[in-house]
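The values are calculated or read from the model by the stated rules, or taken from the named source; none is laboratory data. Since the structure is predicted, the reported quantities are computational estimates derived from the model, not experimental observations. We place every Cβ from the backbone using ideal geometry, glycine too, and count neighbours over all the protein chains shown.
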């Protein structure tokens, strides 16, 4: 098992030894902290890189994700974001990067629920009441 550091998407080198595994996990910062399974996989040696699609420059993040996808030996990606709509951009970045690189990669996408911390499959374009409630509360619109 190679040492994994740094963990931030924007800091990780696209050819870092820890990224040269069959599977790489890309997660939004909050999802990595709240999704217990993500932390467990990291502690067990799975490569996990994190970033915030809302607070970090989306163009830099998109470029870095594309480079990582292009350079890694991974054939499987797991992508985790919080359920709030603003966090869904990370899913779109991954899908776009895979398409642009033309690389054969199997990606699985998930959301982490704010209140229950349960991990569920991501459904593109689907917003439910829990997502809207979490978004209103996080931005101070009770």
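Points to keep in mind about this one:
- Tallying residues that are surrounded by fewer than 16 Cβ atoms within 10 Å (Cβ to Cβ) and touching a strand residue (DSSP E or B) at 6+ places or on another chain (Cβ under 9 Å) within region 108-132 yields 6.
Residues checked against (1) within 13 Å of the chain's Cα centre (by Cα); (2) closer than 23 Å to residue 106 by Cβ; (3) surrounded by fewer than 21 Cβ atoms within 10 Å (Cβ to Cβ):
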| site | (1), (2), (3) |
| --- | --- |
| 6 | no, no, yes |
| 11 | no, no, yes |
| 15 | no, yes, yes |
| 27 | yes, yes, no |
| 38 | yes, yes, no |
| 45 | no, yes, yes |
| 49 | yes, yes, no |
| 54 | yes, no, yes |
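- Criterion: closer than 16 Å to residue 34 by Cβ and modelled with pLDDT of 90 or more - qualifying residue of 56, 83, 104: 83
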